[in-house]
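The structure appears right after this line, and notes come after that.
The values are calculated or read from the model by the stated rules, or taken from the named source; none is laboratory data. As the structure is a prediction and not an experimental result, all values here were calculated from the model. Glycine gets a Cβ as well: all are built from the backbone with ideal geometry, and neighbour counts include every protein chain shown.
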Amino acid sequence: MVVLVDTVSQDPVRPRHPEKVNRPDAVSPPKPDWIRVRAPNTRGYADTRRIVKEDGLVTVCEEAGCPNIGECWDKKHATFMIMGDTCTRACAFCNVKTGMPGALDATEPAHVAEATFKLGLAHVVVTSVDRDDLADGGAEHFAQTIRAIRARCPTTTIEILTPDFLRKPGALERVVAAKPDVFNHNLETVPARYLTVRPGARYFHSIRLLQRVKEIDPTIFTKSGIMVGLGEERHEVQQVMDDLRSAEVDFLTIGQYLQPTRKHHAVMRYVTPDEFAGYETVAYAKGFLMVSASPLTRSSHHAGDDFAKLRAARDALHR
């Protein structure tokens, strides 16, 4: 792979990941047949893309290069990414642009709510870039977005996928007070891989964040996910499950890591569908209400259907 840096024009093109430009290429093995997806070309996909662009919104589906974008957008399911398209972290796995973000758009919560209405979403997922530059990490912006969706679409259930709000006192409490239906924060990988995969984060801070949500409001569903294929061992994945259950997390997602570019962390191996099925069985045995584990599982993939199953599982426990 070649990274081009424009040093001639008056407005040079900035690399999407400047911190990775000088890294050696990391070569991954060829994708197996079970990873293949169809190119997006349906009318539903085009309609979703039009609505997103009309409201000037950013989606993690596009920015992170999600392999499920064709399937989800065909059904008019999109995951909105608020607070801009530029992240203050530089995780080794992520395709979202890195750098210093711009100012927050005060009209964005209303635009997200309007797009939710236009798409007719019964369940909406809202995520964000990391905003370490903001005093509250963007917590108030999350809360405003939740309230705007509630006002415009009262029957829509809301799932948020948040950053870790590291060193942002009071930020988590502000978001939880807005009462999303699902609070998702991904661990991403096993703790032994954090220094190379997620160096800006702290594993046990993320565990504590999820635990604190339940302490503040036990009615909110909590959710977390990891990628596999980054060099982790099976026993490490099982320890992550135990840590999440100790924090009373309800929903676990496990998916295959896919390398965005050769400057990102290499895929160490492709986990087979049978191994994913094994992880799902173990996770249910450990007490999760809902588990999604497959090569193409992503945090917001089938989020609406999974939320209905999650709610039904909780109701069954209280009968």
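So the values come out like this:
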quantity: Residue match in the stretch 98-105 (condition: at negative phi, at pLDDT 95 or above and touching a Phe, Trp or Tyr at 6+ places or on another chain (Cβ under 8 Å)); calculated: no
quantity: Single residue of the stretch 276-312 satisfying the filter (without any contact (Cβ under 8 Å) to a residue 12 or more places away in the chain and over 22 Å from the mean Cα position of the chain (by Cα)) that is nearest to residue 123 (Cα to Cα); calculated: 312
quantity: Test result for residue 224, hydroxyl-bearing (Ser, Thr, Tyr) and not in a helix (DSSP H, G or I); calculated: yes
quantity: Hey, residue 238 more than 29 Å from residue 175 (Cα to Cα), assigned to a loop (DSSP other than H, G, I, E, B) and in contact (Cβ under 8 Å) with a residue 12 or more places away in the chain or not; calculated: no
quantity: Residue list for the stretch 150-173, filter: closer than 19 Å to residue 208 by Cβ and crowded, with 18+ Cβ neighbours inside 10 Å; calculated: 160, 161, 162, 163, 164, 165, 168, 171, 172
quantity: Failed criterion for residue 108 (all others in (1) charged (D, E, K, R); (2) within 23 Å of residue 205 (Cα to Cα); (3) crowded, with 20+ Cβ neighbours inside 10 Å hold); calculated: (2)
quantity: Residue among 201, 283 that is part of a loop (DSSP other than H, G, I, E, B), at pLDDT 95 or above and crowded, with 16+ Cβ neighbours inside 10 Å; calculated: 201
quantity: Hey, residue 315 over 19 Å from the mean Cα position of the chain (by Cα), surrounded by 15 or more Cβ atoms within 10 Å (Cβ to Cβ), assigned to a helix (DSSP H, G or I) and among the acidic types (Asp, Glu) or not; calculated: no
quantity: Of residues in the stretch 204-221 being part of a loop (DSSP other than H, G, I, E, B) and not aliphatic (A, V, I, L, M), the one nearest to residue 239 (Cα to Cα); calculated: 218
quantity: Positions within the stretch 19-47 being at pLDDT 90 or above and of a type in the set (Ser, Thr, Tyr), in sequence order; calculated: 28
quantity: Segments classed as helices (runs of 4 or more DSSP H), wholly inside the stretch 14-121, with at least 2 members that are basic (Lys, Arg); calculated: 43-54
quantity: The stretch 286-312, subset of a type in the set (A, V, I, L, M, F, W, C) and not in a helix (DSSP H, G or I), residue nearest to residue 252 (Cα to Cα); calculated: 291
quantity: Filter result (assigned to a loop (DSSP other than H, G, I, E, B), within 15 Å of residue 79 (Cβ to Cβ) and not small (Gly, Ala, Ser)) within the stretch 122-139; calculated: 129
quantity: Selection within the stretch 93-150 - free of Cβ contacts under 8 Å to residues at least 12 places away in the same chain and either among the hydroxyl-bearing types (Ser, Thr, Tyr) or out of contact with any strand residue (DSSP E or B) (no Cβ under 9 Å at 6 or more places or on another chain) (or both); calculated: 103, 106, 107
quantity: Members of the stretch 132-174 found to be at positive phi and either over 17 Å from the mean Cα position of the chain (by Cα) or charged (D, E, K, R) (or both), listed by number; calculated: 167, 170
quantity: Residues being crowded, with 16+ Cβ neighbours inside 10 Å and over 30 Å from residue 25 (Cα atoms) - total across the stretch 225-268; calculated: 8
quantity: Selection from the stretch 168-198 of residues that are assigned to a loop (DSSP other than H, G, I, E, B) and in contact (Cβ under 8 Å) with a residue 24 or more places away in the chain; calculated: 168, 170, 178, 179, 180, 181, 185, 186, 187, 189, 190, 198
